[in-house]
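The values are calculated or read from the model by the stated rules, or taken from the named source; none is laboratory data. Quick caveat: nothing in here was measured; it's all calculated off a predicted structure. Here the Cβ is made from the backbone with ideal geometry for all residues, glycine too, and neighbour counts use every protein chain on show. In case anyone asks, the SASA skips ligands and DNA or RNA and just uses the protein heavy atoms, side chains included. Shrake-Rupley method; radii C 1.70, N 1.55, O 1.52, S 1.80 Å.
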Amino acid sequence: MSYNLQVTIDKSSGFCFGVVYAIEMAEDILDSEGYLYCLGDIVHNDEEVERLTKRGLKIIDHEILHTLKNEKVLIRAHGEAPSTYQLALENNLTLIDASCPVVLKLQNRIKNSYDEDEQILIFGKHGHAEVIGLQGQTDGDAIVFQDLAELDNVDLPAKFTLYSQTTKSTDKFYHIKDQLLSRGYEVKANDTICRQVSNRYQELEEFVSHYDKIIFVSGKKSSNGKVLYDVCKKHNNNSYFISNEDEVDINWFNENDKVGICGATSTPMWLMEKVKLALQQY
């Protein structure tokens with residue numbers, strides 16, 4: 001039986017400019033030198049990381065970074081804490097800095113707040129590379145929280161400055177701000193969410209409404225992927241999360257279904273194309 005699926009890829013999905021910039025920088029050096037160290041996964045997508053490691057990208061962690069000398073190391077779009085730059089100086093490492101401009105601007109704002117002795121709260125994912133870099137601007141003093149419940153048992157000062165990881169939901173950020181204000185705190189809120197990411201919410205709402213089924217393609221580690229998938233699911237209940245074409249289940253579909261494919265800001269277009277091809281085989 002042929003399912004005759006009508007498959008369309010969302011044109012707004014795929015890499016954000018910060019990821020495009022980091023990958024282009026990596027590819028240029030790989031072309032000329034054959035290898036390059038990268039501090040952490042260049043992007044939260046296993047398939048794209050595998051493609052680049054085959055070309056000579058060597059993913060390392062901070063532990064290995066301490067042992068490297070006289071090498072080039074790529075700083076990915078998520079950015080790094082000041083201690084990484086200090087270590088690079090000590091070990092004579094050349095940093096290829098592909099930190100996203102939006103993240104760098106946020107790092108600077110947090111550092112300025114910290115230098116002015118403001119107490120800082122960061123709405124972000126614990127252990128996320130970007131958040132570690134942000135917290136590093138405050139010598140680790142900033143309070144990081146993923147949801148409001150975490151703050152229930154924290155002795156907060158009466159007055160503080162609120163920041164957000166760049167890929168968080170704008171609605172959630174403003175909800176948190178309002179809740180904290182209603183609890184009597186004096187909150188100076190800085191909306192530092194990337195507009196290229198937050199605009200995707202509206203674009204996705206519009207996109208998913210036109211299809212019978214939605215296939216959302218993203219790496220499991222992508223925070224942005226989780227947020228955007230929730231948007232799809234909210235506006236089209238027949239939305240399915242996959243990391244690659246092997247995870248597609250034919251039982252999700254009916255004959256002649258109109259299928260929309262979309263993805264996270266860390267999902268490569270070539271991967272969505274592969275998923276489209278797989279669906280057209282049915």
Legend entry - Residue count for the range 75-97, restricted to those that are crowded, with 22+ Cβ neighbours inside 10 Å and small (Gly, Ala, Ser): 2
Inset, instruction - Check every one of the helices (runs of 4 or more DSSP H) wholly within the range 1-85 and list those with 3 or more residues that are of a type in the set (A, V, I, L, M, F, W, C). - result: 17-33
Inset, instruction - Quickly run through the range 104-143 and pick out the residues that are among the hydroxyl-bearing types (Ser, Thr, Tyr) and assigned to a loop (DSSP other than H, G, I, E, B). - result: THR138
Inset, instruction - Those residues that are β-branched (Val, Ile, Thr) and not in a helix (DSSP H, G or I), I need them from the range 260-282; list them, please. - result: ILE261, THR265, THR267
Inset, instruction - Check the range 164-180 and report whether any residue there is among the small types (Gly, Ala, Ser), under 25 Å from ILE110 (Cα atoms) and either open to solvent by 30 Å² or more (accessible area, probe 1.4 Å) or part of a helix (DSSP H, G or I) (or both). - result: no
Legend entry - Pairs, first in contact (Cβ under 8 Å) with a residue 12 or more places away in the chain and open to solvent by less than 50 Å² (accessible area, probe 1.4 Å) in the range 124-145, second of a type in the set (Lys, Arg) and not in a helix (DSSP H, G or I), C-beta under 8 Å, six or more apart: GLY124/LYS168; ALA129/ARG76; VAL131/LYS125
Inset, instruction - For residues that are touching a residue at least 24 places away in the same chain (Cβ under 8 Å) and under 18 Å from HIS44 (Cβ atoms), tally how many sit in the range 7-26. - result: 12
Legend entry - The one condition in (1) closer than 28 Å to CYS16 by Cβ; (2) touching an Asp or Glu at 6+ places or on another chain (Cβ under 6 Å) that ALA142 fails to fulfil: (2)
Inset, instruction - Please specify each residue of the range 200-219 satisfying the condition of being in contact (Cβ under 8 Å) with a residue 40 or more places away in the chain and either open to solvent by 70 Å² or more (accessible area, probe 1.4 Å) or part of a helix (DSSP H, G or I) (or both). - result: ARG200, GLU203, LEU204, PHE207, VAL208, HIS210
Legend entry - Number of the exception - ALA264 against (1) closer than 23 Å to GLN202 by Cα; (2) in contact (Cβ under 8 Å) with a residue 60 or more places away in the chain; (3) open to solvent by 10 Å² or more (accessible area, probe 1.4 Å); (4) hydrophobic (A, V, I, L, M, F, W, C): (3)
Inset, instruction - Within the range 221-230, work out how many residues are surrounded by fewer than 22 Cβ atoms within 10 Å (Cβ to Cβ) and over 11 Å from the mean Cα position of the chain (by Cα). - result: 1
Inset, instruction - Have a look at ILE75, ILE59, ILE64, ILE110 and point out the one that is in contact (Cβ under 8 Å) with a residue 40 or more places away in the chain, at negative phi and among the β-branched types (Val, Ile, Thr). - result: ILE110
Legend entry - Boolean, HIS66 is under 20 Å from the mean Cα position of the chain (by Cα), more than 30 Å from LEU180 (Cβ to Cβ), modelled with pLDDT of 95 or more and not β-branched (Val, Ile, Thr): no
Legend entry - Verdict on TRP252 being in contact with a Lys or Arg (Cβ under 7 Å, 6 or more places away or on another chain) and open to solvent by 10 Å² or more (accessible area, probe 1.4 Å): yes
Legend entry - Residue check, VAL154 in contact with a Cys (Cβ under 6 Å, 6 or more places away or on another chain), of a type in the set (A, V, I, L, M, F, W, C) and at negative phi: no
